[in-house]
Amino acid sequence: MAALSAKSRTKISTKKTIRQYIEKFVQKTKVNFNYSDRSLADKLSGRSFGEIEDFCTDIVRQAVLNRKQDNARDIVTNNIHYLKDRFSVNKNSKDISNGRKTSINFSQTADSSTR
């Protein structure tokens, strides 16, 4: 499996290119995600190609380790939940520099450090 170039890894992807990437990834690895490419593209929309590549590679690794190459749907679902929970939105946090409340603050959750 060819790794993406540094330039492509940081480029933001479209839903169409995400679907195409997932289709090729599944064909190449022969791991059945058992998840709609379109649905995955919706859930991964706005992420860089590097994040998408890491997401797919992690699913394949877990599927092989758990002998679930024929049906990795549970692994895909868990990884989607992990991505959603990776950064939480804390709307009531205060800006440390001037004490004002910020409208939105992204902070990594404690759970993400366990992966």
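Figures for the structure shown
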read-out: Selected residue (criterion: nearest to Ile22 (Cα to Cα)) from residues of the range 33-53 that are surrounded by 14 or more Cβ atoms within 10 Å (Cβ to Cβ) and of a type in the set (D, E, K, R); value: Asp37
read-out: Residue match in the range 45-64 (condition: over 15 Å from the mean Cα position of the chain (by Cα) and either in a loop (DSSP other than H, G, I, E, B) or modelled with pLDDT of 95 or more (or both)); value: yes
read-out: Residue satisfying all of: in the range 27-44; in a helix (DSSP H, G or I) and of a type outside the set (A, V, I, L, M); nearest to Arg86 (Cα to Cα) among these; value: Lys43
read-out: Subset of the range 11-32 that is among the aliphatic types (A, V, I, L, M) and surrounded by 13 or more Cβ atoms within 10 Å (Cβ to Cβ) - its residue that is farthest from the chain's Cα centre (by Cα); value: Val31
read-out: Residue pairs meeting the criteria (Cβ under 7 Å; at least 6 apart or on separate chains; first farther than 12 Å from Phe25 by Cβ, in the range 35-60; second surrounded by fewer than 16 Cβ atoms within 10 Å (Cβ to Cβ) and hydroxyl-bearing (Ser, Thr, Tyr)); value: Ser48/Thr10; Gly50/Thr10
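Conditions tested, residue by residue: (1) of a type in the set (Phe, Trp, Tyr); (2) out of contact with any helix residue (DSSP H, G or I) (no Cβ under 9 Å at 6 or more places or on another chain).
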site: Tyr35; (1), (2): yes, no
site: Ala41; (1), (2): no, no
site: Arg47; (1), (2): no, no
site: Ile52; (1), (2): no, no
site: Ala63; (1), (2): no, no
site: Arg73; (1), (2): no, yes
site: Val76; (1), (2): no, no
site: Asn79; (1), (2): no, no
site: Arg86; (1), (2): no, no
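The values are calculated or read from the model by the stated rules, or taken from the named source; none is laboratory data. Note that the structure is predicted; figures quoted are calculated from it, not measured. Virtual Cβ from ideal backbone geometry, glycine too; neighbours counted across all protein chains shown.
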